[in-house]
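Only one structure is covered here, and it is reproduced in the block below.
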Amino acid sequence: MLIVSYYNFGIKAVEKAREILLHDGDILDAVEKGINVIEEDETIRSVGIGGLPNFEGEVELDAAIMDGRSLKCGAVAAVKRVKYPISLARKVMEETPHVFIVGDNALKLAKFFRMEEIDLPLKESYEEYLKKKKEVDIKGYDKESFRHLAEDVIGHDTIGVIAFKEGFAAGVSSSGLGLKIPGRVGDSPIIGAGLYASNEEGAAICTGVGEIAIRLVAAKTSLDLLKLGYSVQESAREVIRRVNEIRRRENIKYSLGIVVVDKDLNIGAAANYKFKYVYWNSNDSVEILFEDADFLPP
Ligand code: ASP
């Protein structure tokens, strides 16, 4: 069994996911419940209910989940008020004929499934939003503000989890970039960009500026590279090398971190900023381990 995530807060997600696998739970439960722990944490400004709002002060959440055993997947984007977006993404996958539901209609679907709702933003995230809005000088629909947003990427980070037990599953959930343009959707809910899981290849999860992960179809690209003979480490590095190339060419602050797992459960991770991944492998140790990803300076 293997569970992988990233960032400090990923430790809590791995702990929860491990508990589920050790109690004979399914990999989809491990991914979903692991991510729920972070989604409900009011102190995290980049995921779930604690997330920073868009520039109009509204929190819009993105999430996706994928089952590598069947290639089934589900995603929601720019959804408001839903306490556990990853659970809604799972409902889309398991209870509807579709893959991706967005905006107000995703909320409608959540109501249909009687999922928990919450008034957002929370007081503390709203206060932080007001502060940042001033600091970075975001006026709203205004070209100068759009430029500031590109130059000063505010309060991002995603929770991503990969679980393996006789098959792969992966999930990600994020409130996206702080103070984003309303309706902006990042890579997290885009299958192939923010995540991918397939028993034939392995699984990958991303975090960073979603725009570049979408442009590079980062998660799926990393798995395609494995098929071309790259090791997990080479594959993660190659994705980040491509990010850096575009970043230099276009002079946009694109940051990206990626974690790739192959069929033999090797883990590769790289980023163009200081980035740590976290994992638990039932064969290696009882401990949850925290490692530095390869750093490729931008
Ligand atoms: N990838 C997320 C987004 O662009 C944010 C992050 O992971 O840092 O919405």
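Throughout, read-outs are computed from the coordinates displayed, never taken from laboratory work. Bear in mind the structure is a predicted one, so any value in this text is a computation, not a measurement. Methodologically, a virtual Cβ is constructed for each residue, glycine included, from the backbone with ideal geometry; neighbour enumeration extends over all protein chains shown.
Of the candidates ALA110, ALA64, ALA89, the single residue that is outside any strand (DSSP E or B), touching a Cys at 6+ places or on another chain (Cβ under 9 Å) and in contact (Cβ under 8 Å) with a residue 12 or more places away in the chain is ALA89. When residues in the stretch 63-91 are screened for being over 17 Å from the mean Cα position of the chain (by Cα) and among the aliphatic types (A, V, I, L, M), 1 of them pass.
Set side by side, the residues SER175, SER145 differ, and just one is among the hydroxyl-bearing types (Ser, Thr, Tyr) and under 16 Å from the mean Cα position of the chain (by Cα), which is SER175.
The rows are residues; the columns are (1) under 30 Å from TYR129 (Cβ atoms); (2) within 16 Å of the chain's Cα centre (by Cα); (3) not in a strand (DSSP E or B).
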position: VAL185; (1), (2), (3): yes, yes, yes
position: TYR196; (1), (2), (3): no, yes, no
position: ILE212; (1), (2), (3): yes, yes, yes
position: ALA219; (1), (2), (3): yes, yes, yes
position: LYS253; (1), (2), (3): yes, no, yes
position: GLU291; (1), (2), (3): no, no, no
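Restricting attention to the stretch 36-46 and to residues that are more than 24 Å from TYR196 (Cβ to Cβ) and more than 16 Å from the ligand (Cβ to nearest atom), the residue that is nearest to the chain's Cα centre (by Cα) turns out to be GLU40.
Residues in the stretch 195-215 that are crowded, with 24+ Cβ neighbours inside 10 Å, free of Cβ contacts under 8 Å to residues at least 60 places away in the same chain and either among the basic types (Lys, Arg) or away from the ligand (no atom under 12 Å from the Cβ) (or both): ALA204 only.
Let's see how each residue does on (1) basic (Lys, Arg); (2) within 30 Å of SER145 (Cβ to Cβ); (3) more than 13 Å from the ligand (Cβ to nearest atom); (4) crowded, with 18+ Cβ neighbours inside 10 Å:
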site: MET1; (1), (2), (3), (4): no, no, yes, no
site: ASN8; (1), (2), (3), (4): no, no, yes, no
site: ALA17; (1), (2), (3), (4): no, no, yes, yes
site: LEU21; (1), (2), (3), (4): no, no, yes, yes
site: LEU28; (1), (2), (3), (4): no, no, yes, yes
site: VAL31; (1), (2), (3), (4): no, no, yes, yes
site: GLY34; (1), (2), (3), (4): no, no, yes, yes
site: GLY48; (1), (2), (3), (4): no, yes, no, yes
site: GLU56; (1), (2), (3), (4): no, yes, yes, no
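Might you check whether a residue that is outside any helix (DSSP H, G or I), more than 30 Å from SER282 (Cβ to Cβ) and within 16 Å of the ligand (Cβ to nearest atom) occurs anywhere in the stretch 232-250? No, that holds for no residue.
The set of residues in the stretch 174-194 that are touching a residue at least 40 places away in the same chain (Cβ under 8 Å), touching a helix residue (DSSP H, G or I) at 6+ places or on another chain (Cβ under 9 Å) and more than 10 Å from the ligand (Cβ to nearest atom) comprises LEU179, ILE181, GLY183, ILE191.
Conditions tested, residue by residue: (1) surrounded by 16 or more Cβ atoms within 10 Å (Cβ to Cβ); (2) within 16 Å of the ligand (Cβ to nearest atom); (3) assigned to a loop (DSSP other than H, G, I, E, B).
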| position | (1), (2), (3) |
| --- | --- |
| ILE101 | yes, no, no |
| ASP119 | no, no, yes |
| GLU124 | no, no, no |
| GLY140 | no, no, yes |
| PHE146 | no, yes, no |
| ASP157 | yes, yes, yes |
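Does TYR277 meet the test of being under 18 Å from the mean Cα position of the chain (by Cα) and over 27 Å from MET1 (Cα atoms)? So TYR277 fails the test.
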